[in-house]
Amino acid sequence: MAGEQLHVLNALDVAKTQWYHFTAIIIAGMGFFTDAYDLFCISLVTKLLGRIYYHVDGAEKPGTLPPNVSAAVNGVAFCGTLAGQLFFGWLGDKMGRKRVYGMTLMLMVICSVASGLSFGHTPKSVMATLCFFRFWLGFGIGGDYPLSATIMSEYANKKTRGAFIAAVFAMQGFGILAGGLFAIIVSASFKTQFDAPAYEVDPIGSTVPQADYVWRIILMVGALPAGLTYYWRMKMPETARYTALVAKNLKQAAADMSKVLQVEIDAEPQKVVQSSEKPVNSFGLFSKEFLHRHGLHLLGTTSTWFLLDIAFYSQNLFQKDIFSAIGWIPSAKTMNALEEVYKIARAQTLIALCSTVPGYWFTVALIDKMGRFAIQLMGFFFMTVFMFALAIPYNHWTHKDNRIGFVLLYSLTFFFANFGPNATTFVVPAEIFPARLRSTCHGISAASGKLGAMVGAFGFLYLAQNKDKAKADAGYPAGIGVRNSLIVLGVVNFLGMVFTFLVPESKGKSLEEMSGENEDENGEVELEQPSGYNNRTVPV
C-alpha cells in the first residue's frame with residue numbers, strides 16, 4: 001500500500017492558513033512583481049528610443065526603431081528568460097531552492113540598474129548596451145519562475161495551495177500596473193518641467209534632451225522592489241520537502257518547520273533510511289521510469305504553456321492598433337516625445353486595470369473550488385471562441401462604429417487568458433512532479449512557454465503584415481494579414497484545449513500523492529488513491 005507520509009510534510013499539508021503563508025506569498029510575489037515590471041516596461045519606452053536615437057531629418061513621422069533593432073530590444077529579455085528558466089530550474093533541484101533564490105534576485109537588481117546605463121552615445125552602442133543587460137536581466141527573471149512556484153507549492157497546505165501559487169503569479173498584474181503608473185508620473189513630471197511643441201510643429205524641438213533620462217529612470221526603478229525583498233528571501237528557511245526528500249535531512253526539515261509552524265514536529269530518523277532506499281525515489285529525468293510515470297504530464301504542461309503564450313504575447317501586435325483606433329493614442333506626429341510616453345503608459349495601465357488584474361484574482365479566488373483542469377479548459381475554450389469571433393467578421397470590426405465591440409471582445413480574450421491557462425500553466429507544474437525534479441520540470445515547462453512567447457511576439461509581427469508588400473510596415477515583408485493571423489490564433493487556442501487533457505488534476509491532494517513519492521516498492525498506490533499521480537485527465 002502507499003507509504004505513510006512524513007510527519008513534517010503532513011504538518012505542512014494540514015496546517016491552517018496563517019501569517020507565514022502570506023509572508024511567503026509576498027516574498028515570492030515581489031519577485032514576480034519585479035519580473036512583470038521589467039519585462040513590460042520596455043514596451044512603454046521603445047517609441048521614445050526611436051525618437052531619440054533614430055530621428056531622420058525632414059521625415060513626416062517621428063523616428064522609430066528599425067525592425068531588427070526593435071525585435072532585439074523587445075526579444076532579448078525573452079531569450080535570457082528561457083535560458084534562465086532551464087538553468088536555474090535545474091540548479092534549484094541540485095543546490096536547493098533557497099540558495100539559488102538569492103542569486104536570481106541579485107542578478108535582477110544589478111541588470112535593472114545597468115540597463116539604464118550606456119557605454120557610448122551612438123545609437124548602436126546604446127542599443128547594444130541595453131540588449132546586453134536586458135539579456136542577463138531576463139536570465140535572472142527566468143530563474144524566478146521555477147523557484148517561486150516550487151517554494152510556494154512546497155510551503156503551502158493542501159487545501160489552499162492552488163490559490164497561494166496563483167497569488168504569487170497574480171503579482172505580475174500589479175507589476176504591469178506599477179510600470180504603467182510610474183511611467184505616467186515620470187513622463188508627466190518631465191513634461192511639466194520641459195514642455196515642447198508637437199513633432200509636426202518642430203521635429204527636433206519636440207524631443208527635449210532631458211527625455212533621454214526618462215527611459216533610463218523607468219528601466220532602473222525595476223531594481224527597487226527586487227532589492228527590498230532580498231533580505232527576506234535570505235531569511236526564509238529551505239523548504240521542508242527539499243530538505244527531507246532531496247537532501248535527506250529530516251532532522252533539519254523538522255527543526256525548520258517547527259519554527260515556521262510554531263509546533264513540535266517529530267524528526268523520524270528511522271524514515272530517512274527507508275525513503276532513500278526506495279527505487280521510486282531515485283529515477284532521473286531521462287529515465288524510462290520518468291517517461292512512464294510523468295512523460296505525458298510533462299508533454300501536457302510544456303505544450304499547453306507553449307500554445308498559451310503564442311496567443312498571449314501576440315496581443316502586443318493589436319494593442320497599438322486598438323489604442324489608435326479608439327482614440328486613446330493620437331497620431332505620433334501630433335505629440336511631442338514625452339506626451340507619447342504618457343499616452344502609451346496611460347493606455348497600458350487602463351488595459352491592466354480593467355482586464356489583466358481582475359482575471360488573475362478570479363483564478364486565485366476559484367482555483368481550489370473549480371480545480372486547475374476546469375479553469376484551464378474553460379479559459380482555452382473562451383479564448384478560442386473570442387478569437388474566432390474577432391477573426392471571421394474582421395471587416396465588420398474595422399468600421400469606426402464597431403470598434404468598441406472589437407475592444408470588448410479583445411479584452412474578454414485576455415480576461416479568460418488570465419482567469420484560465422495563463423495562471424494554471426504556472427501552478428500545475430509545481431504540483432505534479434517529484435521533489436527532486438520539481439524545479440527542473442517547472443523550468444522546462446516555463447521555457448517552453450517563453451518559446452511560444454517568441455513565436456507570438458515576433459512570428460506574428462511578420463505574419464500579421466498586409467498581404468500587399470506596399471501596404472506592409474516599413475522594413476517588413478508581406479504577411480497573411482491580421483484576419484488570417486487571428487484565425488491561426490484561434491486554432492492555437494483550440495489545440496491548447498486538446499492538450500489540457502494530458503494534465504492531471506491536483507486539487508486537494510498532497511504533493512507526494514501527485515508525484516507518487518509515497519508509494520511502496522511495488523507501486524501499489526493505485527488501490528488507495530484511484531485518481532492520484534498517474535491520472536491523465538479529469539479526476540474520477
Region 18-66, residues that are among the hydrophobic types (A, V, I, L, M, F, W, C) and farther than 28 Å from PHE78 by Cβ: TRP19, PHE22, VAL56, ALA59
Members of region 43-64 that are touching a residue at least 40 places away in the same chain (Cβ under 8 Å) and among the hydrophobic types (A, V, I, L, M, F, W, C): LEU44, VAL45, LEU48, LEU49, ILE52, ALA59
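Take the conditions over 22 Å from the mean Cα position of the chain (by Cα), on the phi < 0 side of the Ramachandran plot and β-branched (Val, Ile, Thr) and apply them to ILE218. Does it pass?
Here the answer is no, as ILE218 does not meet what is asked.
Can you tell me which residue is surrounded by the fewest Cβ atoms within 10 Å (Cβ to Cβ) among those in region 209-227 that are in a loop (DSSP other than H, G, I, E, B) and in contact with a Phe, Trp or Tyr (Cβ under 8 Å, 6 or more places away or on another chain)?
At the first step, the residues of region 209-227 found to be in a loop (DSSP other than H, G, I, E, B) are 209-210, 221-222.
After this cut, where a residue has to be in contact with a Phe, Trp or Tyr (Cβ under 8 Å, 6 or more places away or on another chain) as well, the list is 210, 221-222.
Details: GLN210: 13, VAL221: 20, GLY222: 30.
Selected residue: GLN210.
The rows are residues; the columns are (1) in a loop (DSSP other than H, G, I, E, B); (2) touching a Leu at 6+ places or on another chain (Cβ under 6 Å); (3) at pLDDT below 90.
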position: VAL482; (1), (2), (3): no, no, yes
position: SER485; (1), (2), (3): no, yes, yes
position: VAL488; (1), (2), (3): no, no, no
position: VAL498; (1), (2), (3): no, no, no
position: GLU505; (1), (2), (3): yes, no, no
position: GLU521; (1), (2), (3): yes, no, yes
ILE141 vs. criteria within 20 Å of ALA244 (Cβ to Cβ), part of a helix (DSSP H, G or I) and β-branched (Val, Ile, Thr): no
Scan of region 344-391 for residues that are at pLDDT 95 or above, β-branched (Val, Ile, Thr) and under 15 Å from LEU408 (Cβ atoms), ordered by number: VAL385
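Among LEU65, LEU44, which is the only one that is on the phi < 0 side of the Ramachandran plot and buried (at least 23 other Cβ atoms within 10 Å of the Cβ)?
The unique qualifying residue is LEU44.
Here is a yes/no grid of residues against (1) out of contact with any Asp or Glu (no Cβ under 9 Å at 6 or more places or on another chain); (2) closer than 28 Å to THR302 by Cα; (3) of a type in the set (Phe, Trp, Tyr); (4) surrounded by fewer than 23 Cβ atoms within 10 Å (Cβ to Cβ):
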site: THR23; (1), (2), (3), (4): yes, no, no, yes
site: THR34; (1), (2), (3), (4): no, yes, no, no
site: ASP57; (1), (2), (3), (4): yes, no, no, yes
site: GLY75; (1), (2), (3), (4): yes, yes, no, yes
site: GLY116; (1), (2), (3), (4): yes, no, no, yes
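In region 463-480, what count of residues is obtained for those that are in contact with a Leu (Cβ under 6 Å, 6 or more places away or on another chain) and either among the small types (Gly, Ala, Ser) or not in a loop (DSSP other than H, G, I, E, B) (or both)?
We begin by selecting, within region 463-480, every residue in contact with a Leu (Cβ under 6 Å, 6 or more places away or on another chain); these are 464, 479-480.
With either among the small types (Gly, Ala, Ser) or not in a loop (DSSP other than H, G, I, E, B) (or both) added as a condition, the list becomes 464, 479.
Residues that pass the stated criteria total 2.
Taking helices (runs of 4 or more DSSP H) that do not extend beyond region 1-120, which have at least 1 residues that are in contact with a helix residue (DSSP H, G or I) (Cβ under 7 Å, 6 or more places away or on another chain), more than 22 Å from GLY222 (Cα to Cα) and hydroxyl-bearing (Ser, Thr, Tyr)?
Details: elements: 7-14, 19-53, 67-95, 97-114.
Because the criterion is at least 1 residues that are in contact with a helix residue (DSSP H, G or I) (Cβ under 7 Å, 6 or more places away or on another chain), more than 22 Å from GLY222 (Cα to Cα) and hydroxyl-bearing (Ser, Thr, Tyr), the helices (runs of 4 or more DSSP H) in region 1-120 that meet it are 19-53.
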Hits in region 6-21 (condition: of a type in the set (A, V, I, L, M, F, W, C), surrounded by fewer than 19 Cβ atoms within 10 Å (Cβ to Cβ) and more than 21 Å from GLY516 (Cβ to Cβ)): TRP19
Top-ranked residue of region 262-288 - restricted to ones that are under 15 Å from LEU437 (Cα atoms) and surrounded by 13 or more Cβ atoms within 10 Å (Cβ to Cβ), ranked as modelled with the lowest pLDDT: VAL280
Matching option when the condition is in contact (Cβ under 8 Å) with a residue 12 or more places away in the chain and either under 24 Å from CYS79 (Cα atoms) or open to solvent by less than 40 Å² (accessible area, probe 1.4 Å) (or both), among PHE194, PHE182, PHE139: PHE139
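Based on what the data block shows, is TYR342 open to solvent by 30 Å² or more (accessible area, probe 1.4 Å) and of a type outside the set (A, V, I, L, M, F, W, C)?
Working: open to solvent by 30 Å² or more (accessible area, probe 1.4 Å): yes; of a type outside the set (A, V, I, L, M, F, W, C): yes.
It is true that TYR342 is open to solvent by 30 Å² or more (accessible area, probe 1.4 Å) and of a type outside the set (A, V, I, L, M, F, W, C).
Can you tell me which residues in region 96-112 are among the hydrophobic types (A, V, I, L, M, F, W, C) and open to solvent by 60 Å² or more (accessible area, probe 1.4 Å)? Spell out the reasoning first.
Of region 96-112, the ones among the hydrophobic types (A, V, I, L, M, F, W, C) are 100, 103, 105-111.
If the condition is that a residue be among the hydrophobic types (A, V, I, L, M, F, W, C) and open to solvent by 60 Å² or more (accessible area, probe 1.4 Å), then MET103, MET106, ILE110 are the ones that fit.
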All helices (runs of 4 or more DSSP H) inside region 366-445 with 3 or more residues being open to solvent by 40 Å² or more (accessible area, probe 1.4 Å): 372-391, 394-398, 403-418
Hits in region 463-498 - residues which are surrounded by 16 or more Cβ atoms within 10 Å (Cβ to Cβ) and in contact with a Gly (Cβ under 6 Å, 6 or more places away or on another chain): LEU463, ALA464, GLN465
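Could you count how many residues in region 381-410 are among the β-branched types (Val, Ile, Thr), farther than 25 Å from PRO421 by Cβ and without any contact (Cβ under 8 Å) to a residue 40 or more places away in the chain?
So the answer is 1.
The values are calculated or read from the model by the stated rules, or taken from the named source; none is laboratory data. Bear in mind the structure is a predicted one, so any value in this text is a computation, not a measurement. As a convention, Cβ positions derive from the backbone with ideal geometry for all residues, glycine included, and neighbour counts pool all protein chains shown. For the accessible areas, the whole protein counts, side chains as well, though only heavy atoms, and no ligand, DNA or RNA atoms are used. Shrake-Rupley method; radii C 1.70, N 1.55, O 1.52, S 1.80 Å.
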